[in-house]
Amino acid sequence: MIRVEDLCYNYNAKSKSSISALKNINFTLKNSTIMGIIGKTGSGKSTLAQLLCGLLSPTHGKIFLNEKEIIKDFKNTKEICFNVTMAFQYPENQLFEKTVYDEIAFGPRNKGISESKIKDIVFEVIKFTNISENMLKCSPIFLSGGEKRKCAIASVMALKSKVLILDEPTAGLDCKSKSQLMNSIFEYHRKEKNILIIISHNMEETARICDKVLVLDEGIQLMFDSPVKVFKNYQKLEKLNLDVPQTSQIMRYINNEYPINTDIMFPKEAEEEILKILNSKGVER
Amino acid sequence: MNNFEFCKYFSGNSIVHKLDARIKIISSLIFFILTFSSNNIISLSIIAISISIIAVVSEVPLIKYIKSFKSVLIISVITAFINLFFEAETNLVCLGELSVSLSGLKSSIFLFFRLFILVFISSITMFTTSVQEISLAFENLLSPLGYLGINIQEIAITITLSLRFIPVLFEETYKIINAQKVRGAHFDSKNVIKKIRAFCNIFVPLFIFSFKRAESIAIAMESRCYDVSKKRTSLKNMELSHRDAISIIFLLIIFTGVIICNKMKIF
């Protein structure tokens with residue numbers, strides 16, 4: 001479980017040019033929950049992620065992981081990172097090892113896991129991320145953009161941490177690669193039952209896989225609720241220049257003419273609902 | 001590393017900010033020469049006091065200078081420490097094969113202060129001169145080389161881009177360090193070898209990033225028809241003012257003072 005209490009963070013806290021990045025953030029996530037963080041650029045999403053994995057220390061407030069306070073109750077950043085791991089934006093720019101295998105094994109090796117177990121972990125995570133075994137001997141630097149991204153995500157998955165934070169994991173990928181990667185991440189989460197935190201600008205993705213959604217605006221927590229309840233407040237989101245899932249928008253347009261359930265966010269459910277209305281009006285498929 | 005302040009322009013309206021960039025660059029060079037030619041405490045003090053006055057007049061917050069010093073502190077200490085053992089005179093302390101002499105101690109202290117003064121001078125110039133001004137100043141100062149067939153525009157644009165991308169590179173380094181930290185890299189390790197190895201791992205992604213950035217900038221410039229061989233005019237013409245004349249007089253006084261003091265036989 002991860003619990004955040006009254007979390008505040010100021011950049012350059014001690015100087016006159018102090019900038020408040022986060023103000024009074026409060027939320028609790030139970031184990032095996034997926035949380036999406038949404039908000040416009042500069043709203044404090046990445047800062048929150050860095051605070052959660054101990055790379056920044058809070059100006060005020062506390063973060064607890066299984067009742068242990070982050071930074072205070074851990075020996076060092078390394079120990080926190082083995083429990084809370086993060087993949088930064090465009091993680092493919094940070095690859096450095098000679099082979100894909102070594103890149104994925106880097107984290108587990110630092111954790112002190114034996115080579116035989118590391119091999120098992122590497123082969124396990126490449127299945128999730130659809131990396132072929134032949135690719136393991138290749139240099140990560142010469143892979144394609146999508147393959148590099150998969151390799152970078154696999155390398156954080158290999159740490160098997162209790163909390164995994166992904167900062168815009170699908171940014172810059174094509175539609176098919178996006179959904180493939182999100183499915184891989186979701187499958188991994190289902191197996192590991194860890195807490196997954198995804199920072200995203202893709203509302204379809206967020207609505208599809210998240211149990212909870214945290215909305216940030218200029219460092220302030222606007223909402224923390226289930227996706228259905230969050231996206232129901234579409235007016236608030238639109239004021240922040242944030243999208244809502246397209247299906248949800250279509251349902252709202254239809255609702256202007258015919259009463260329909262506007263909580264629906266996915267195409268399949270929308271199809272069923274529309275067909276139900278058409279049938280009730282005597283229109284056949 | 002996130003607070004990398006060296007080379008970052010601090011916008012202001014002070015007299016130092018308003019000085020001609022060419023004068024600032026030439027003055028810095030003269031100060032460098034004076035610092036290394038000074039052979040006694042008085043001449044070094046004259047330089048230190050004069051640049052302190054310039055720093056105060058520049059209206060740049062003191063904390064910015066302190067941060068600049070911090071970034072070169074380790075190098076200065078190591079250099080001064082090594083210098084301790086390179087003067088063969090009456091020994092003060094013997095550490096096995098190595099011995100520390102009074103002149104060694106003196107030259108180490110001098111070297112340490114010289115390095116600090118150098119950083120101080122460079123910081124004043126960098127904090128008070130924008131990248132565009134520096135580029136234009138270099139272009140102006142190096143223009144006589146054009147008669148020898150050397151492309152000055154090319155040198156100027158190289159200098160501009162190098163200076164512009166120093167903070168970007170540091171930001172990227174910070175990102176890479178964090179990305180590796182979350183995967184358990186040994187940056188905080190007490191074992192020096194592990195720590196060095198951890199830092200070596202930064203170079204591969206950093207070099208790739210730099211080359212990619214350089215390539216994309218080159219493509220972006222070419223796609224906007226940038227041609228280095230074309231003669232360029234500038235929006236801002238560099239002209240010397242009465243302020244620059246006063247600063248030259250000030251520099252001449254310091255120069256004379258330091259030369260006179262160097263001739264005196266003081267510690």
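So, in segment B:172-192, how many residues would count as being in contact (Cβ under 8 Å) with a residue 40 or more places away in the chain and either of a type in the set (A, V, I, L, M, F, W, C) or surrounded by fewer than 17 Cβ atoms within 10 Å (Cβ to Cβ) (or both)? Before the answer, list the steps.
Our first condition is that a residue be in contact (Cβ under 8 Å) with a residue 40 or more places away in the chain; within segment B:172-192, this holds for B:173-174, B:177.
Subsequent filtering for residues that are either of a type in the set (A, V, I, L, M, F, W, C) or surrounded by fewer than 17 Cβ atoms within 10 Å (Cβ to Cβ) (or both) retains B:174, B:177.
Summing the residues that are in contact (Cβ under 8 Å) with a residue 40 or more places away in the chain and either of a type in the set (A, V, I, L, M, F, W, C) or surrounded by fewer than 17 Cβ atoms within 10 Å (Cβ to Cβ) (or both) in segment B:172-192 gives 2.
Picking from A:Ile71, A:Ile121, A:Ile113, A:Ile104, which residue would you name as being in a helix (DSSP H, G or I), of a type in the set (A, V, I, L, M, F, W, C) and more than 24 Å from B:Leu206 (Cα to Cα)? Give the steps one after another, and end with the answer.
Working: A:Ile71 fails: in a helix (DSSP H, G or I); A:Ile113 fails: in a helix (DSSP H, G or I); A:Ile104 fails: more than 24 Å from B:Leu206 (Cα to Cα).
Result: A:Ile121 is the single residue among A:Ile71, A:Ile121, A:Ile113, A:Ile104 that is in a helix (DSSP H, G or I), of a type in the set (A, V, I, L, M, F, W, C) and more than 24 Å from B:Leu206 (Cα to Cα).
What do you reckon, is A:Phe82 assigned to a loop (DSSP other than H, G, I, E, B) and surrounded by 18 or more Cβ atoms within 10 Å (Cβ to Cβ)?
no
Based on this model, can you work out whether B:Phe203 counts as aromatic (Phe, Trp, Tyr), within 11 Å of chain A (Cβ to nearest Cβ), more than 27 Å from B:Thr129 (Cβ to Cβ) and in a helix (DSSP H, G or I)? Talk me through it step by step, then tell me what you get.
Values: aromatic (Phe, Trp, Tyr): yes; within 11 Å of chain A (Cβ to nearest Cβ): yes; more than 27 Å from B:Thr129 (Cβ to Cβ): yes; in a helix (DSSP H, G or I): yes.
Spelling it out, B:Phe203 is indeed aromatic (Phe, Trp, Tyr), within 11 Å of chain A (Cβ to nearest Cβ), more than 27 Å from B:Thr129 (Cβ to Cβ) and in a helix (DSSP H, G or I).
Would you be able to say whether some residue in segment A:56-70 is surrounded by 23 or more Cβ atoms within 10 Å (Cβ to Cβ), within 12 Å of chain B (Cβ to nearest Cβ), within 22 Å of A:Val156 (Cβ to Cβ) and not aromatic (Phe, Trp, Tyr)?
No: segment A:56-70 contains no residue that is surrounded by 23 or more Cβ atoms within 10 Å (Cβ to Cβ), within 12 Å of chain B (Cβ to nearest Cβ), within 22 Å of A:Val156 (Cβ to Cβ) and not aromatic (Phe, Trp, Tyr).
Might you check whether a residue that is under 15 Å from the mean Cα position of the chain (by Cα) and more than 14 Å from chain B (Cβ to nearest Cβ) occurs anywhere in segment A:162-172? Talk me through it step by step, then tell me what you get.
Taking segment A:162-172 as the starting set, the residues that turn out to be under 15 Å from the mean Cα position of the chain (by Cα) are A:162-171.
The next check asks that each one be more than 14 Å from chain B (Cβ to nearest Cβ); those that pass are A:170-171.
Yes, segment A:162-172 contains at least one residue that is under 15 Å from the mean Cα position of the chain (by Cα) and more than 14 Å from chain B (Cβ to nearest Cβ).
Have a look at A:Ser161, A:Ser184 and point out the one that is in contact (Cβ under 8 Å) with a residue 60 or more places away in the chain and buried (at least 18 other Cβ atoms within 10 Å of the Cβ). Full working, then the answer.
Values: A:Ser184 fails: in contact (Cβ under 8 Å) with a residue 60 or more places away in the chain.
When all the criteria are applied, what remains is A:Ser161.
How many residues are surrounded by fewer than 18 Cβ atoms within 10 Å (Cβ to Cβ) and either at pLDDT 90 or above or basic (Lys, Arg) (or both) when one looks only at segment B:105-117?
1
Can you find a residue that is among the basic types (Lys, Arg) and in the same structural domain as B:Ile33 (by TED's automatic domain parsing) anywhere in segment B:237-252? Spell out the reasoning first.
Our first condition is that a residue be among the basic types (Lys, Arg); within segment B:237-252, this holds for B:243.
Narrowing the set further to residues that are in the same structural domain as B:Ile33 (by TED's automatic domain parsing) leaves B:243.
Scanning segment B:237-252 turns up at least one residue that is among the basic types (Lys, Arg) and in the same structural domain as B:Ile33 (by TED's automatic domain parsing).
Being under 27 Å from B:Ser27 (Cβ atoms) and hydroxyl-bearing (Ser, Thr, Tyr): is that true of B:Thr160 here? Walk me through how you get there before you give the answer.
Details: under 27 Å from B:Ser27 (Cβ atoms): yes; hydroxyl-bearing (Ser, Thr, Tyr): yes.
Considered against the rule, which asks whether it is under 27 Å from B:Ser27 (Cβ atoms) and hydroxyl-bearing (Ser, Thr, Tyr), B:Thr160 comes out as yes.
Could you look through segment A:7-26, keep only residues that are at pLDDT 85 or above and among the aliphatic types (A, V, I, L, M), and pick out the one that is surrounded by the fewest Cβ atoms within 10 Å (Cβ to Cβ)?
First, the residues of segment A:7-26 that are at pLDDT 85 or above: A:7-11, A:19-26.
When the remaining residues are screened for being among the aliphatic types (A, V, I, L, M), the result is A:7, A:19, A:21-22, A:25.
Numbers: A:Leu7: 23, A:Ile19: 11, A:Ala21: 23, A:Leu22: 27, A:Ile25: 24.
Within segment A:7-26, the match that is surrounded by the fewest Cβ atoms within 10 Å (Cβ to Cβ) is A:Ile19.
Looking only at segment B:211-221, decide whether some residue is under 25 Å from the mean Cα position of the chain (by Cα), more than 29 Å from B:Ile150 (Cα to Cα) and either away from every other protein chain (no Cβ under 14 Å) or modelled with pLDDT of 90 or more (or both).
no
Please work out if A:Met182 is over 10 Å from the mean Cα position of the chain (by Cα) and assigned by TED's automatic domain parsing to the domain that holds A:Ala152.
Numbers: over 10 Å from the mean Cα position of the chain (by Cα): no; assigned by TED's automatic domain parsing to the domain that holds A:Ala152: yes.
Considered against the rule, which asks whether it is over 10 Å from the mean Cα position of the chain (by Cα) and assigned by TED's automatic domain parsing to the domain that holds A:Ala152, A:Met182 comes out as no.
Which one is surrounded by the most Cβ atoms within 10 Å (Cβ to Cβ) among residues in segment B:59-104 that are part of a loop (DSSP other than H, G, I, E, B) and modelled with pLDDT of 80 or more? Working first, answer last.
Taking segment B:59-104 first, the residues part of a loop (DSSP other than H, G, I, E, B) are B:59-61, B:84-90, B:96-97.
Okay, now just the ones that are also modelled with pLDDT of 80 or more, so B:59-61.
Working: B:Glu59: 15, B:Val60: 22, B:Pro61: 16.
The qualifying residue surrounded by the most Cβ atoms within 10 Å (Cβ to Cβ) is B:Val60.
The values are calculated or read from the model by the stated rules, or taken from the named source; none is laboratory data. Note that the structure is predicted; figures quoted are calculated from it, not measured. Neighbour counts are summed over all protein chains in view; Cβ atoms, including those assigned to glycine, are modelled from backbone coordinates with ideal geometry.
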